[in-house]
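K.L.:
Take a look at this one; I'll ask things after.
FYI, it's all coordinate maths here, none of it is from the lab. Quantities reported herein were computed from a predicted structural model and do not represent experimental measurements. When we count neighbours, we look across all protein chains shown, and the Cβ atoms used for this are built from the backbone with ideal geometry, even at glycine.
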Amino acid sequence: MSPEDDLKILIITTMISSYPGANTVGQARLQYSPGTFIVRVPDPVMFPEEFYLDSFAKGIDGIIIMSSGSDCPYEGAYPRLSKRVGRVYARMKEQGIDTSRLKLTTICTVCKAAFLKEIREMQQNILKAKAA
Amino acid sequence: MTETNTSALNPSGDPIRVGVYVCHCGGNISDIIDTKAVAAELAGHPNVAVSNDYMFMCSDPGQALIIDDIKANHINRVVVAACSPTLHELTFRKALHRAGLNPYLFEHVNIREQASWVHKGDHEGATRKAVRLVAAGVEKVVRQDELFPIKVGVEPHVVVVGGGVAGMSAAVALAGRGLGVTLVEKGVALGGRVADLDRVYPTEERGADLVQDLTRQVGGHSRIDVRLGSEVVGLDGHVGKFAVTVRASSVASEDQDRLVRAGAIVIATGFDHYRPAQGEHGFGESPAVITLPDFQSALRQCPASQTSLQANGRSVRSVAFIHCVGSRQIDGVHAPQADGKVNDYCSRTCCTATLHTIRQVQSRFPDVDVYDLHKDIRTYGRGHEAYYEEASRAGALFFRFPDDEPPTFAASTGGKCAGTITTRDILTWGEELEIPVDLVVLATGMVPRDIASLIDLRKLPVGADRFLQEVHPKLRPVEIGVAGILLAGACQGPMDINEACTAAQTAAVKAAILLANPTIELDPFVAVVDGERCDGCEKCLAECEYKGALTMADLQLAGATVRRAVVNPAMCVGCGACVAACPPRAVNVAGWTLDQFDAMVDAIVAEDVGALAHTECRAGVRHIEFAVISGGN
Ligand SMILES: Cc1cc2nc3c(=O)[nH]c(=O)nc-3n(C[C@H](O)[C@H](O)[C@H](O)COP(=O)(O)OP(=O)(O)OC[C@H]3O[C@@H](n4cnc5c(N)ncnc54)[C@H](O)[C@@H]3O)c2cc1C
C-alpha cells in the first residue's frame, strides 16, 4: 500500500455539479487512490467552521470542498462559503494546522482532469505537511 | 392557506434496525470489491440487523429481499451499497414505500462509480474504502427521521414575462394544456427581436410572418390574457401560489395594479444587442462602421428595385464583416464591461446571422466585394454551414484574425474608400493585410437585458455571464434555483429562434406537469427548525437570501410564548446557508443534518465498524416546527 492510499481525504461534493463530476470520472474508469471519501451535500455552505476543524481533529488528513463555484444555483451561497473557508484557514493557522490540508475548488459535471489533479495535489500537500 | 403544525418526525419509537444490502452489480462491483466481506463487516455494526450481498439489488428479486426484511425482520432503516444514487435512489425509495416504510429512511451508498470503477488495481483498498463508506451510510440513516413531501395547493395559471417568440410559444403551449396564462410584455407589441428580422435562417421565413402567426395563436386562445406595455412589479408567494403584481407603464398610480395569482412563472425577457464601445473597430468614430442589426435594418428598408447598396449617402462597393464583437472577449485584450468583466461567452447566433446577411448582400448586390473577418466560424446548427459554403462559393473572402489581435479600422478622408481595415490573417500564415472598404459591419453579440428590478423581486440567480442561470443544462434544464420559476429563450443565454422556442416548450411542459394536480408534492429537503434548540438569535435570518423562507414567529413552548425562527418550506430552497450560522444547531436541512455528517466522519475514521456506538431510537428527537402548506383556498 502506498502512503497516499493510507490517507483519509474527505471530498465534499455538491449534488448538482461535483458529485455527478465524480461519477463521470468513474464512468471514464480513471483511477485514483482509495484513501478518498466522497460525501454529497445540497451545498457545502451548510457546514460551520467547526465541522472542518473537528474533522481534522478526528483524523481526517485533508478536505477538498468541490463546490459548484459560479455555477452554484443557490443565490449568495458561494461567496458565503468562500468567506467561511477564509475564516477556517485563519483558525487552522491559530491551531497550527497546515492550511494546505483544506482546499476550496470548483468541479463541474465533466471536470475529470481537474478532479484528479485536486486529489493528487492534496495527497502531496498532506504528505509534505506530515514530513515537515 | 398556509398552516403550521408540529409533528414528531419518528412517532413509532421502535428500536432502530438497519438492513444493509451490498450489490455485486453483476461483477461491476464484486470483481474488485469483496462484497461478502463488506456485508460481513457491516453485520458487526451495533444497529445492523441484516447484512447481505446480492447479484443485482435493483432487480425485482433484489428489491424483494429488502421488502421481505422490512415485513418479516422488522427492518426500519435501509442502506443499499451499489451504483450511483442518481440511477437507483428512487427505485429503492419506492421499494421502501411498497413495504410500508417511510421512503426517506433510506441511504444509498455509491461503491461503483466512486469505488470499484476507480480503484481497479487495489482490491483490498477498494474493499476497505467500501466498508467505511457503507458504515458512514449506516451512521447517517440511523439519524434519519421520517420525512414527508411538502404538499402545496396550486393555482392552474401561469404568468409569462416577455412576449418575444419564446414567451409567445410558452403561452400558446401552456394554454393548449388547459392552463390560464397572463402574458406580460413591456413593449407596445408582441414579437421581441424577431419582429425586427427580415428573412430568418435557416428556414428563410420572414420574421414578421413568424411573429404574426404566433400573435394570431396567442390572440385565438381565450385562456391567454395579454398585457402589453406592462411589467411585473411585485412577486410574492411560492410555487403553486404566486401573487404577481402587474403594472401598466402608462399608469403611474398603484391603484390600478393588477394582482394575478399563478402557480408558476415563466421568464422570457430575451436579450439586448451588444453596443460597441466608442472606438471599438472604429465604431462611433466613423459613420462607415455600423452594427449587424443596424445593417440588417438598412437592408430591409432598401427597396427591392434598388440595384446598388447605399450607406451614409454613398454607394457601397465593398463591405467587411467582423465577427465576435462583444463576444468571446479576452481579459487584457478587450476593455471590460461596466461590471469589470469581459464578455467571454460565445453569442452563438452571430456567425450564422452574419453569413446569412452576406448571402443576402451577394444575391441582391452581386458586384459588392464581401470580406469576412473571424476568429472562428461557429455555424453549429443544422443547415447553418450551407450559408458559409454558399458565401464562399459566391466569392466572399475569409480572413482569420488571432484571438489577441482584433482587426482595426482607420477612416480615410477623401479617398476612394471609406477607410482601411488592418488585420493579421492566420490563414496566410500571419500575413498583415490592409483591406480598403466602404463599410464595416460589426457582428455584435447578445447581452442580457437589464431586468435588475425583476431579478431583485426574488433574488433570481444570475450566471457569470449575467444571463439568468438555469440549475443545470443537462440535469435540470430551464429550471432556476427558485421552485416554480422557469426560463424560456434568450434570457438564459444566447440562442436562436429554434432553440428559444424549444426551451419555451420545455418550460411550458415543466409548468404543466407541476400544475397538473390540485396539489403538488415538493421534496422535503428544506430547512427545519428545532423549536427547543432555537434561542431566537435571528442569525439564520441574516444568511437567508430567499425572501419569506425564514421568518421569526411567536410560538407557544411549554406554556410560554417564545420567539423562534420558522421556515416556510415552499419558499426554502434547502441550500443550508442558515444551518452554518446557527450556534445551537437548531436549524438543519431535513435529510442532511450536521449531526448526520459528523457521524459519517466518525465512521470514516473509525478503525472498527463494530466499535461504533449503538443508536437507540429516534423517538426522543425534539419536536420540529414543520410548516405544511395545505392545498386549495
Ligand atoms: C443580429 C441577429 C440576427 C438574428 N437572426 C436570427 C435568424 O435569422 N434566425 C434565428 O433563428 N435566430 C436569429 N437570431 C436570434 C433571435 O433573435 C433570438 O433567438 C430570439 O429573438 C429570442 O427570442 P426571445 O423571445 O427569447 O427574446 P426577445 O426576442 O429578446 O424577446 C423578449 C421579449 O421580452 C420583452 N421584455 C423584456 N424585458 C421585459 C420585462 N421586464 N417585462 C416584460 N417584458 C419584457 C421584450 O420587450 C421582448 O418582447 C438573431 C439574433 C441576432 C442578434
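K.L.:
What is the fewest-to-most order of B:S327, B:S305, B:S297 by other Cβ atoms lying within 10 Å of their Cβ?
P.N.:
B:S305, B:S297, B:S327
K.L.:
Right, another one. Nearest 0.05, what FRET efficiency do B:C302 and B:L228 give at R0 = 35 Å with Cβ-Cβ as r?
P.N.:
For R0 = 35 Å, the calculated efficiency reads 0.70.
K.L.:
Now for a separate question. Please state the relative contact order of the stretch B:166-208 as a whole percent: Cα pairs under 8 Å, 6+ residues apart?
P.N.:
Dividing the mean separation by the residue count of the stretch B:166-208 yields 25 percent.
K.L.:
Can you give the extra length, in nm with one decimal, that the chain gains between B:D257 and B:R98 once fully stretched, where that is 0.36 nm per residue apart less the Cα-Cα distance?
P.N.:
My answer for the length gained is 52.3 nm.
K.L.:
For the stretch B:277-445, what class follows from the C-alpha gyration tensor (a ≥ b ≥ c being the square roots of its eigenvalues): rounded when a/c is under 1.5, otherwise prolate if a/b is larger than b/c, else oblate?
P.N.:
rounded
K.L.:
Using a 7 Å offset from the Cα along the Cα-to-Cβ direction at both A:E49 and A:K93, what is the distance between the two label points in nm, to one decimal?
P.N.:
Result: 1.2 nm between the two label points.
K.L.:
Right, something else. For the Cα atoms of chain B, what angle does the longest principal axis make with the long axis of helix B:165-176, in degrees from 0 to 90, nearest 10?
P.N.:
It is inclined by approximately 50 degrees.
K.L.:
A follow-up question, please. Helix B:350-364 versus the longest principal axis of chain B: what is the Cα-based angle in degrees, 0 to 90, to the nearest 10?
P.N.:
Relative to chain B, helix B:350-364 is tipped by roughly 30 degrees.
K.L.:
Roughly how big is the protein assembly as shown's charge dipole about its Cα centre, with Cβ charges of +1 (Lys, Arg) and -1 (Asp, Glu), in debye to the nearest 20?
P.N.:
620
K.L.:
Shifting gears a bit: Please work out whether chain A counts as rounded, prolate or oblate from its C-alpha gyration tensor, where a ≥ b ≥ c are the square roots of the eigenvalues and a/c under 1.5 means rounded, while otherwise a/b larger than b/c means prolate and anything else oblate?
P.N.:
oblate
K.L.:
Give me the one-decimal nm value for the distance between modelled label points at B:L427 and B:A611, 7 Å along each residue's Cα-to-Cβ direction.
P.N.:
7.1
K.L.:
While we're on this one: B:L397 to B:D344: FRET efficiency via 1/(1 + (r/R0)^6), r the Cβ-Cβ distance, R0 25 Å, to the nearest 0.05?
P.N.:
0.30
K.L.:
Just grab the label-to-label distance for B:I513 and B:Q310, each label 7 Å out from Cα along the Cβ direction, in nm (one decimal).
P.N.:
5.6
K.L.:
Something else: Between 0 and 90 degrees, rounded to the nearest ten: what's the tilt of helix B:85-98 against the longest Cα principal axis of chain B?
P.N.:
Helix B:85-98 sits roughly 40 degrees off the main axis of chain B.
K.L.:
Then there is this: Taking the Cα centre of chain B as the origin, how large is its charge dipole in debye, to the nearest 20, when only Lys and Arg (+1) and Asp and Glu (-1) carry charge on their Cβ atoms?
P.N.:
1260
K.L.:
Any idea which of B:S308, B:A394, B:G270 is furthest toward the positive side of the dipole for the protein assembly as shown, if Lys and Arg beta-carbons carry +1 and Asp and Glu beta-carbons -1?
P.N.:
Value: B:G270.
K.L.:
What helices does chain A have that are whole DSSP H segments, at least 20 Å long along their own axis by Cα, and with mean Kyte-Doolittle hydropathy of -1.0 or more?
P.N.:
Passing helices, by number: A:77-94, A:112-131.
K.L.:
Using the Cα gyration tensor of the stretch B:230-273, with a ≥ b ≥ c the square roots of its eigenvalues, what is the shape: rounded (a/c below 1.5), prolate (a/b larger than b/c) or oblate (neither)?
P.N.:
oblate
K.L.:
Which one, A:S55, A:A77, A:M122, projects farthest toward the positive side of the charge dipole computed for the stretch A:3-131 from Cβ point charges (K/R +1, D/E -1)?
P.N.:
A:M122
K.L.:
Among the GluC sites (Glu not before Pro) within the stretch B:128-211, which fall in a DSSP loop and have no more than 12 other Cβ atoms within 10 Å of their own Cβ?
P.N.:
Hits after loop and neighbour filter: B:E204.
K.L.:
Along the charge dipole of the protein assembly as shown, which of B:V165, A:T106, B:L292 sits closest to the positive end, that is, farthest toward it, with unit charges on the beta carbon of Lys, Arg, Asp and Glu (+1, +1, -1, -1)?
P.N.:
Positive-end residue among those listed: B:V165.
K.L.:
Taking the Cα centre as origin and putting +1 on Lys and Arg beta-carbons and -1 on Asp and Glu beta-carbons, what dipole magnitude results for the stretch B:138-292, to the nearest 20 debye?
P.N.:
460
K.L.:
Moving to a separate point now. Karplus couplings for the stretch B:330-336 from phi (6.51 cos²θ - 1.76 cosθ + 1.60, θ = phi - 60°), rounded to Hz, Gly and Pro as x?
P.N.:
Taking θ as phi minus 60°, the curve returns 10, 4, x, 9, 9, 5, x Hz for the stretch B:330-336.
K.L.:
To continue, here is another question. Pop the C-beta distance of B:E285 and B:S453 into the FRET formula with R0 = 45 Å and round what comes out to the nearest 0.05.
P.N.:
FRET efficiency, B:E285 to B:S453: 0.85.
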